[in-house]
């Protein structure tokens, strides 16, 4: 009896697939036909629906280095948004980023106007002034930032440096504390994300030695 059930199920799936093919073949858009047919056939045979997925991590491409006092929109970290395992486009509206400071008083008041970029495109309406009270800072995008399914996007954190004194800071990501704002573009539902904790690379803020007060600061 089980054997006949398997045959019946197989015949049903084939029939449905053929029906889907003929239904889509009537469309004028041949390229869209193929994409829709593929999605429909996969859905029929796998019995699954579209699910969003995003992996968040800190890139290792940005190395520890010195950043000169007075630098405008200096790069501190790259964040990788990996949707290669997602079955739908992913919309990100907020990323909680984590910083660590090293040195006297562990203050980070020397950074201001911090923003996230996609290449050279600013993703935020206004920059964030970093205070010393919090270690996690929520960066909210001015519009939903879409990571297409099965692709990777990198967003870059840049800040203005307003003073030095050989302070050191690193920007990373705390998977335990973070609560990113992420939804599926098609489903509109909150999606599953996988996050990797990393402190990021340590940047040292150094005086501008072309200034008259360089020797005093050193």
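On the basis of being within 20 Å of residue 173 (Cβ to Cβ), within 15 Å of the chain's Cα centre (by Cα) and modelled with pLDDT of 90 or more, does residue 76 make the cut?
For residue 76, the condition - within 20 Å of residue 173 (Cβ to Cβ), within 15 Å of the chain's Cα centre (by Cα) and modelled with pLDDT of 90 or more - is not met.
Among the residues of segment 181-193, is there at least one that is modelled with pLDDT under 90, buried (at least 16 other Cβ atoms within 10 Å of the Cβ), on the phi < 0 side of the Ramachandran plot and in contact with a helix residue (DSSP H, G or I) (Cβ under 7 Å, 6 or more places away or on another chain)?
No: segment 181-193 contains no residue that is modelled with pLDDT under 90, buried (at least 16 other Cβ atoms within 10 Å of the Cβ), on the phi < 0 side of the Ramachandran plot and in contact with a helix residue (DSSP H, G or I) (Cβ under 7 Å, 6 or more places away or on another chain).
Quick check on residue 167: is it over 23 Å from residue 208 (Cα atoms) and out of contact with any helix residue (DSSP H, G or I) (no Cβ under 7 Å at 6 or more places or on another chain)?
Taking the combined requirement at face value, the residue does not satisfy it.
The values are calculated or read from the model by the stated rules, or taken from the named source; none is laboratory data. What you see is a predicted model, and the numbers here were worked out from it, not measured in a lab. Note that we place each Cβ from the backbone using ideal geometry, even for glycine, and neighbour counts take in every protein chain shown.
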